[in-house]
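Some notes on the structure that comes next.
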Amino acid sequence: MGTLNNRRSFLKITGASALGLSLLGPAACKPAAIDRKSFGVGLQLYTIRDAMTADALGSLKKLSDMGFKNLELADYSDGKFYGFSPLELKKIVNDLGMEILSSHTQVEAAGITVDNAQKMADDHAELGVKYCVQPWVNEPDRNIESYKKMVGDWNEVGKIMKGVGIQFGYHNHNFEFANVDGIVPYYDIFMAELDADLVTMELDLFWANKAGQDPVEMFKKYPGRFQLLHFKDMKTKEAPFYDVIKDDVCSVGAGVIDFKTILASKDIAGMKYLFVEDDNQGNGMPFEELEISINNLTTKILV
């Protein structure tokens, strides 16, 4: 009799459970939605520079809705960022559930110098960034003499930045890896003469690959020197070249770079943050291309 009662109770419970599932419908069987922001994916805003010029607030809202967590800026002029004061932009971004972690000082310009470093340092400190990065060297300055002077200056800039709690950094393209009279500037000048405590390297994986470099081998040779990584993919593997040709950029995970293998060595690199970037702005469809990148990162690459 006890067994029969137990069986009746079991059937009532399971029947009620089945009814509950049927009332909930297909949603009851769906896995929980992925919290993309929990992955800490960053974006270099140079990727959407035209959209930021047209509608900065709307563009930032789109990024937050897509699940980006961290931002790296690419518009600084006269103490303002995208036309906003440091505190204004900080509040806008924080209210959207994102953080401003880094800033490229001036893109495709003279960038940060010893003369303007304190002003830039103070403005970026008010913004609350952790990193301030020199993103570019103009073509006339891509010679051994200029590189050596710049590296010396950047060590001084690094001291100024460190004084306000910011880590200074350098972002590469592919031209730094070109052999110039037996000297490879990236290795023989930048890595050799930059103070590792004052200037970290933001390794752009696309440009390093285009120059024929192996990021994992770079990490092993210079452990701890790469706190920031730029993630962008390339459609084809080509012979190394050193001109800045952007035609081959594609969404992260849509090309041939093995990001999972690179990430397996992130502790050796000293990596703390990654930023997606697309120099070509998604060939006119930046947000569509960014959706592919963040989806691949959060479902295939970072898992």
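The values are calculated or read from the model by the stated rules, or taken from the named source; none is laboratory data. Everything numeric here is computed off the predicted structure, so don't read it as measured data. Counting neighbours? That spans all protein chains shown, and the Cβs are built from the backbone with ideal geometry, glycine included.
Just a few scattered comments:
- Entry remark, the stretch 60-78: residues being more than 25 Å from Met120 (Cα to Cα) and surrounded by 19 or more Cβ atoms within 10 Å (Cβ to Cβ) number 3 in total.
- Matching entry among Lys260, Lys237 (being among the basic types (Lys, Arg), assigned by TED's automatic domain parsing to the domain that holds Val137 and either within 25 Å of Tyr131 (Cβ to Cβ) or not in a loop (DSSP other than H, G, I, E, B) (or both)): Lys260
- Any hit, the stretch 223-242, residues being aromatic (Phe, Trp, Tyr), in contact with a Lys or Arg (Cβ under 9 Å, 6 or more places away or on another chain) and under 19 Å from Arg142 (Cβ atoms): yes
- Within the stretch 36-53, tally of residues that are more than 17 Å from Asn280 (Cα to Cα) and part of a helix (DSSP H, G or I): 4
- Among residues of the stretch 155-208, those that are among the polar types (S, T, N, Q) and either in contact with a Cys (Cβ under 9 Å, 6 or more places away or on another chain) or farther than 30 Å from Gly255 by Cα (or both), counted: 2
- Helices (runs of 4 or more DSSP H) within the stretch 96-210 that include 3 or more residues surrounded by fewer than 22 Cβ atoms within 10 Å (Cβ to Cβ) and in contact (Cβ under 8 Å) with a residue 60 or more places away in the chain: none
- The residues of the stretch 211-236 that are among the aromatic types (Phe, Trp, Tyr) and either in contact with a strand residue (DSSP E or B) (Cβ under 6 Å, 6 or more places away or on another chain) or crowded, with 24+ Cβ neighbours inside 10 Å (or both), listed by number, are Phe226, Phe231.
- Subset of the stretch 245-257 that is closer than 16 Å to Thr47 by Cα and assigned to a loop (DSSP other than H, G, I, E, B) - its residue that is nearest to the chain's Cα centre (by Cα): Val252
- Subset of the stretch 156-183 that is touching a Phe, Trp or Tyr at 6+ places or on another chain (Cβ under 6 Å) and of a type in the set (A, V, I, L, M, F, W, C) - its residue that is farthest from Phe241 (Cα to Cα): Met161
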